[in-house]
Structure formats: structure tokens, C-alpha cells
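S.K.: The structure's right below; bear with me while I get my questions together.
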Amino acid sequence: MTCAEQKTAAVIVAAGRGTRAGKGLPKQWRPLAGRRVADWTVAAFCDHDQIDQIILVVHPDDTAHYSTIDHAKVTCVFGGASRDISVRKGLEALQDQGISKVLIHDVARASVSQDCISDVICALNSHDGAAPALPVTDALWRGDKGAVSDTHPRDGLFRAQTPQGFDFKKILSAHKDFRGSATDDVEVARAAGITVKITQGDENNLKITTPADFKRAEKILRGPMDIRLGNGFDVHAFEQGDHVTLCGVHIPHDKRLKGHSDADVGMHAVTDAIYGALAEGDIGRHFPPSDMQWKGADSAIFLKHAVDLATSKGYAISNIDCTLICERPKIGPHAAAMMARMAEIMGLRADQISVKATTSERLGFTGREEGIASIATATLVKP
């Protein structure tokens, strides 16, 4: 067989019931970080450019679940009553298809990395078997009736992971000849005299077994949180009028704020803070003052647009802090109403929004009561 004809396949074992994961669906079909466990695992192998074919070994009762997995590389076959039987059925489905290397992987290891897969494939260039593992670093005890009965040296001990890779013909033959049950495919391989190279394991390549494992896997798959901060600043001058609109609340006053829209200086600052956190410019970019359709517009339109834009990019708004700078009108009596109105527009709780005020000690244009300024900060989080 030439190198061009050689193919590498993966057998993903997904026929188990996963009873230790708690009540409900088998763990491979449960949601995890926006997908199902099996979807993450299958995607890891589909995305790898050295994997030519994938056999997903499933349970006959799970038709409604596995039937939604649609990828040219993936073929589903039914497993058996034990893991050993399921693996053998997966291997047998690859016969006569030019497969030279095969990787066998537990579907519950949904956070397997591309590097981990690559390392195993590379090791198979010079070995008939290869599998990732991590050296045991904790002290080891034997226990009896809840008490330590003995200690055990940890030298030379490893924590086994998958995918476990092999020369296809040799591992198929090993599985056909194996009698009894095995904890993994390395045990089957060693019983047949196959030497297995240890490759570098990965702490993030955990096997989801208990309910608590879902939370850890969720953090790994979502990756580090993306936290954005943005600030906004706005100023509007006074003109003749009988009220001002601040953070969506109409406040009686002997002047009004001058502007193309309703001149809500607080809401404008908050809107610009959100745009800033998204690196999306300011209100003027999205709602040009030269466009007469925004003449006298309710600033809630601008704020809602900024919130929707953040949501469309996968961000949640964690909190807003808005400071109004003016001598008059007095903001304190209206702050709670402002927070409630902003929360309503943004789909947040009132306690996620702070509206407060300060004076400029009679200094500058705000001190001379020529207008109002506002500064705001927005915190956006992508889980």
C-alpha cells in the first residue's frame, strides 16, 4: 500500500448509557457549552485534516439523537452490550476500506485537543500503538473501610486517556482474539503483544463521568471569558424649554437640552460606552445626525440598537455605570426611575445599572448651568 492510499480512521464509542452521570439522557446526548457532548467530540475529529473517516458507534435506542449528526466523514454503526464489543463492531465496519491507522476514542472526552490527536497519529509512524497519558503526581493510598490501609509508589504510573491509536490490522486482530473484558484498548493491544508508545496527555482532556464533570468541561470548551470595557462621554447645551430627558425619564426644568434627537445625554453616554466596548464607534456612526429620520428621535432606539448589537456578537452586558454632571436639575430624586427605565430598555435588572450625579463645583460650562455632561462605563462579557 502506498502512502497516498493509506488512511487514518477514528472509532468514537458512543453506545454506553453513562449511568454515573445521573438521571436523564445518556451523557453523550446531553447539552454542553451550546452543543451536545457527542457533537463536540465528533467535531474534534471531523476538523482534523489527518482523519479520513469516522465510525460513530451508537446504541440502537438513540436514533433520534445520532441521526442529527450529518457529516461526510461520519458513519454510524450499532454497538454491543459492552465497550469491547462496541469497539470491535466499529473496527469491523472499517475493514476493506484501506485503513492503515485507527484511533479509538471515548465520546465522553469532548474536550480532546487537535494536538493530542496529532501526537497519537505521529507516534503511529514508528509504533504499532500509541496513547496519551499523564504521569501520576499525587500520593497513592490503598483504603479499607474508609481508612488508609497501605501506600503505593507512584513511580512509573500514568493516567490513561484517549484517543488510543493502533495499526489497524493488528488492533482488529487483537480485538477478535481477546477474551474477557478490558478497561481500554491498550489492555487489548498489550495482550496481543503490541507495544504502546505513551504520548503527551492533556489535563483538559477529561472524561465526563459524573454530573460535576459537565461544569469543568463547559469551562474548557467555552474557553477564557472575553471581558470588554467601554466608556462614553456626551455633552448637550441648554436651550429654552420646560423639561429635560435624562436616562429615559422626563424631569421638569426651566430649560431643555438641545440636540438632533431628544438630547438624552445620559442615554447617549451609555450607548457610546456599549459601542466602545464592541469597537463599533459611536452613535454618530450608526445614526448620523445628517439623517433627518432621527430628528427628535427617542434615544431608547439608539440604546436598544447597541444592546442588540452586543447580543448578536455573543456578549452579555454585566453592568452599566452612568454619571450625570450638572448643577441642576437634582438627579437624586429621579435616579431610581432612571435605573428602572434603562433596565427595561436593555433587558437587565435595575441593580445592574448605576445612575448617579455630581456637580463641577460651579466650574466650567456645567457649573455655569450652560448644559449637562455625562460619562458612562459599560462592562460586556462573552462566556
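The values are calculated or read from the model by the stated rules, or taken from the named source; none is laboratory data. Source: prediction; values computed, not measured. Note that each Cβ is placed from the backbone with ideal geometry, even for glycine, and that neighbours are counted across all protein chains shown.
S.K.: Read through the list (1) under 27 Å from the mean Cα position of the chain (by Cα); (2) polar (S, T, N, Q); (3) farther than 23 Å from ARG216 by Cβ, then give the number of the only condition that GLN97 fails.
M.R.: In the conditions (1) under 27 Å from the mean Cα position of the chain (by Cα); (2) polar (S, T, N, Q); (3) farther than 23 Å from ARG216 by Cβ, GLN97 misses (1) alone.
S.K.: Let me confirm something: among SER290, SER312, SER299, which residue is surrounded by fewer than 15 Cβ atoms within 10 Å (Cβ to Cβ) and at pLDDT 95 or above?
M.R.: When all the criteria are applied, what remains is SER312.
S.K.: Note down all Cβ pairs under 6 Å where the first residue falls in the stretch 291-317 and is under 15 Å from LEU348 (Cα atoms), the second is among the polar types (S, T, N, Q), and they're at least six residues apart or on different chains.
M.R.: LEU303/THR271; ALA306/THR271
S.K.: Turning to a different aspect of this structure: If I filter the stretch 258-268 for residues that are in contact with a helix residue (DSSP H, G or I) (Cβ under 8 Å, 6 or more places away or on another chain), of a type in the set (Val, Ile, Thr) and assigned by TED's automatic domain parsing to the domain that holds SER374, do I get at least one hit?
M.R.: No, the stretch 258-268 has no match at all.
S.K.: Determine if the stretch 280-299 includes at least one residue that is closer than 14 Å to SER374 by Cβ, in a helix (DSSP H, G or I) and not polar (S, T, N, Q).
M.R.: The answer is yes; a qualifying residue exists.
S.K.: What is the number of the single condition among (1) modelled with pLDDT of 95 or more; (2) in the same structural domain as ASP119 (by TED's automatic domain parsing) that THR210 does not meet?
M.R.: (1)
S.K.: Let me ask something else. GLY284 - would you say it is of a type in the set (Gly, Ala, Ser), under 20 Å from THR377 (Cβ atoms) and either surrounded by 17 or more Cβ atoms within 10 Å (Cβ to Cβ) or at pLDDT 95 or above (or both)?
M.R.: Here the answer is no, as GLY284 does not meet what is asked.
S.K.: Here is a further query. Please go through the stretch 330-343 and pick out each residue that is surrounded by fewer than 19 Cβ atoms within 10 Å (Cβ to Cβ) and either farther than 17 Å from ALA316 by Cβ or in contact (Cβ under 8 Å) with a residue 40 or more places away in the chain (or both).
M.R.: LYS330, GLY332, PRO333, ALA336, ALA337, ALA340 - these are the residues of the stretch 330-343 that are surrounded by fewer than 19 Cβ atoms within 10 Å (Cβ to Cβ) and either farther than 17 Å from ALA316 by Cβ or in contact (Cβ under 8 Å) with a residue 40 or more places away in the chain (or both).
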